Amino acid sequence: MNADPRSAAESGALPEAVRLLAGGDFSTVAQRFTEAGFAVGLPAAGILTVKAAVADAARPAVLVSVGVHGDETGPIEMVAWLIEALSHTPRALAVDLMLCVGSIDAIAVGKRFIDADLNRMFRSERGALAGTFEAARADTIIAATVDFFAGAGPARWHLDLHTAIRPSHYPMFAIVPELIAEERRKALIDWLGQAAIGAVIMNPKSVGTYSYYSSEHHGAAGTTVELGRVGTLGQNDLSQFADASQALDQLLRGQAGAAAKVAPHVFATARQVIKLSDAFSMSVGRDTWNFTPMKKGEVIATDGDTVYTVEHDEELVVFPNPDVRVGLRAGLMVTRIG
Ligand SMILES: [Zn+2]
């Protein structure tokens, strides 16, 4: 293994740990945890589970997913180095762990997805997306997730790590389903503060994301975390992920949480802007920064007879993208509540 990831990236070669994880190959780290006496599973390509040999409901169950979007490579590198280090002292793992690399095939070709957005497939009604490559991958991931959380104790986590595809007034932010019970939600937001996540958006309704699925169906404290900017595999500036990496490492080692780096600002969802037809037109484009404020009365989008208008004194737009498929979310409007 090349000890210096930067020189490896410059020479065009990926460090071994990153290359293996990006390809969904967990065999090397699985071997180390197996030798240390854990119950290790490789239920599908790109999925690793490491559980205590004797089931223990007091042990937290932590699901970490990366690469759900194949072009969001920073968290892949971050988790590759983290699990490589942890696997050398495997007994330090204090939780039952599932690691999932979402879109292995898209990562291999440097794309966001093969047919369609994997992070819209985690719901029963898939409509026109049902026959896509990603629908089948979601079924595989769901089956592994069901098995992982079966019999787990109450402390269940799902951290789905992404990077944003556009600049943001909050460089790092997270989406948290409202349906998570209050005590678990507080623990999750505390962890997000340790990871230096500046903003948390409370989400009342699924748009088919993996973390919402885990929260709704498995009682996990789940979140989709946007950790900085999209970049090329092997060439990411990992310093932007240092706080998140440390917070994740502490969670997996069962170390009491460090002091929060930030107290995340909390936002409520004012509305999801859904693209209803091909007549959809949006006043903000893909280049608009996340958390750009809009004033009361401003038109966000029109779609035939439907007009989406800012109703609060101020709403901030997140994930604006008029180019999504009909039926999918073209933007999220939020208001600050804490
Ligand atoms: Zn993403």
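In the set (1) modelled with pLDDT of 95 or more; (2) touching a Gly at 6+ places or on another chain (Cβ under 7 Å), the condition left unmet by Asp313 is number (2).
Going residue by residue through the range 187-206, is there one that turns out to be at negative phi and without any contact (Cβ under 8 Å) to a residue 60 or more places away in the chain? Yes: one or more hits. Identify all residues within the range 77-110 that are touching a helix residue (DSSP H, G or I) at 6+ places or on another chain (Cβ under 6 Å), of a type in the set (S, T, N, Q) and either more than 16 Å from the ligand (Cβ to nearest atom) or farther than 22 Å from Gly23 by Cα (or both); write none if there are none. Ser87, the sole residue that qualifies. When the range 272-289 is filtered for residues that are in contact with an Asp or Glu (Cβ under 8 Å, 6 or more places away or on another chain) and crowded, with 18+ Cβ neighbours inside 10 Å, the ones remaining, listed by number, are Lys275, Phe280.
In the range 58-76, the residue that is nearest to the ligand (Cβ to nearest atom) out of those that are part of a loop (DSSP other than H, G, I, E, B) and aliphatic (A, V, I, L, M) is Val68.
Against the test of being away from the ligand (no atom under 16 Å from the Cβ), of a type in the set (Phe, Trp, Tyr), in the same structural domain as Gln246 (by TED's automatic domain parsing) and over 20 Å from Ser245 (Cβ atoms), the options Phe38, Phe113, Phe33 yield a single qualifying residue, Phe38. Within the range 17-40, the only residue that satisfies the criterion of being in contact (Cβ under 8 Å) with a residue 12 or more places away in the chain and in a strand (DSSP E or B) is Ala39. I'd like to check something: does the range 253-269 contain any residue that is in contact with a strand residue (DSSP E or B) (Cβ under 6 Å, 6 or more places away or on another chain), surrounded by 15 or more Cβ atoms within 10 Å (Cβ to Cβ), of a type in the set (Val, Ile, Thr) and more than 24 Å from Lys186 (Cβ to Cβ)? The answer is no; no qualifying residue exists. Among helices (runs of 4 or more DSSP H) entirely within the range 128-226, having at least 2 residues that are at pLDDT 95 or above and within 16 Å of the ligand (Cβ to nearest atom) singles out 133-149, 210-218. Given the criteria over 23 Å from Gly208 (Cα atoms), in contact (Cβ under 8 Å) with a residue 40 or more places away in the chain and not assigned by TED's automatic domain parsing to the domain that holds Ile165, does Ala258 qualify? Taking the combined requirement at face value, the residue satisfies it. Of the residues contained in the range 164-179, one or more are found to be more than 19 Å from Ile142 (Cα to Cα), surrounded by fewer than 24 Cβ atoms within 10 Å (Cβ to Cβ) and β-branched (Val, Ile, Thr). Please enumerate the residues belonging to the range 268-283 that are assigned to a strand (DSSP E or B) and hydroxyl-bearing (Ser, Thr, Tyr). Selection gives Thr269, Ser281.
The values are calculated or read from the model by the stated rules, or taken from the named source; none is laboratory data. No experiment lies behind these values; they were computed from the predicted model shown. Reconstructed Cβ throughout: ideal geometry from the backbone, glycine too, with neighbour counts over all protein chains shown.
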